[in-house]
1. Just a yes or no: is a residue in the stretch 135-156 touching a residue at least 60 places away in the same chain (Cβ under 8 Å), among the polar types (S, T, N, Q) and under 18 Å from K83 (Cα atoms)?
2. I need the full set of residues from the stretch 98-123 which are assigned to a helix (DSSP H, G or I) and either of a type in the set (K, R) or within 13 Å of the chain's Cα centre (by Cα) (or both), in order please.
3. Only one of these is modelled with pLDDT under 90, buried (at least 17 other Cβ atoms within 10 Å of the Cβ) and of a type in the set (S, T, N, Q): T46, T116, T112, T120. Name it.
4. Determine which member of the set W93, W86 is closer than 22 Å to Q64 by Cβ and in contact (Cβ under 8 Å) with a residue 60 or more places away in the chain.
5. For a quick check of your reading of the model, give me the residue pairs whose first member lies in the stretch 24-35 and is more than 18 Å from E143 (Cβ to Cβ) and of a type in the set (D, E, K, R), whose second is surrounded by fewer than 18 Cβ atoms within 10 Å (Cβ to Cβ) and modelled with pLDDT of 90 or more, with beta-carbon atoms closer than 6 Å and at least 6 apart or on different chains.
6. Can you report the number of residues in the stretch 132-158 which are of a type in the set (G, A, S) and part of a helix (DSSP H, G or I)?
7. Suppose we filter the stretch 130-174 for residues that are modelled with pLDDT under 95, surrounded by 15 or more Cβ atoms within 10 Å (Cβ to Cβ) and farther than 21 Å from K17 by Cα; how many remain?
8. Given the conditions (1) out of contact with any Cys (no Cβ under 9 Å at 6 or more places or on another chain); (2) assigned to a helix (DSSP H, G or I); (3) not polar (S, T, N, Q), which single one is not true for R161?
Amino acid sequence: MVYHELGRGLPQPSKRKVFLSYHHGGDQLYYDAFSKTFCDDYEVVTDNSLERRIDSEDIDYVMQRIRDEYVTGSSCTIVLVGKNTWGRKYVDWEIKSTLEKEHGVIGVQLPTAPITPQNTVAVPDRLNDNIKSGYAFWLSWLEITASAHSCTQFIEQANARDRKLIVNTRERRLRNA
């Protein structure tokens with residue numbers, strides 16, 4: 001655990017940073033619930049809707065900003081997967097940036113994610129590639145939010161995964177579905 005000084009008192013543990021990637025229009029409630037549940041345990045980093053914050057049409061510039069301002073310094077990206085997350089370009093770009101940094105990735109099935117007749121959930125393709133390769137975890141909302149201890153264990157396990165399992169060869173999604 002990393003420590004830093006607070007005034008003249010004893011060193012205090014610094015909170016681990018996690019980056020949450022999600023569809024803002026559909027899953028904000030789950031981001032809010034995660035942040036509230038784990039505010040004492042993690043510094044939750046989010047993009048606060050990159051579409052509005054990074055005013056640029058230059059994809060490479062936007063990708064650099066995602067890497068430098070949101071992913072760098074975090075230890076893991078948690079992708080909240082709801083009904084429409086699979087088709088969001090910024091979610092794809094955030095996952096891509098996370099994999100380029102070789103950070104851990106955890107996909108979380110939200111209760112709003114519809115289950116197909118084949119008993120599957122639509123997830124972003126890049127996330128799915130890494131779930132299949134064994135690099136990314138796939139968890140339910142109940143699993144990730146069961147306790148701070150279990151969430152920490154999942155984050156540590158995600159960060160310990162073999163970087164050789166990373167699959168990041170897809171072209172960037174250029175439009176929202």
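The values are calculated or read from the model by the stated rules, or taken from the named source; none is laboratory data. All values reported here derive from a predicted model rather than from experimental measurement. Note that each Cβ is placed from the backbone with ideal geometry, even for glycine, and that neighbours are counted across all protein chains shown.
1. No; the residues of the stretch 135-156 include none that is touching a residue at least 60 places away in the same chain (Cβ under 8 Å), among the polar types (S, T, N, Q) and under 18 Å from K83 (Cα atoms).
2. T98, L99
3. T46
4. Just one listed residue meets the conditions, W93.
5. none
6. 4
7. The total comes to 1.
8. All conditions pass for R161, except number (2).
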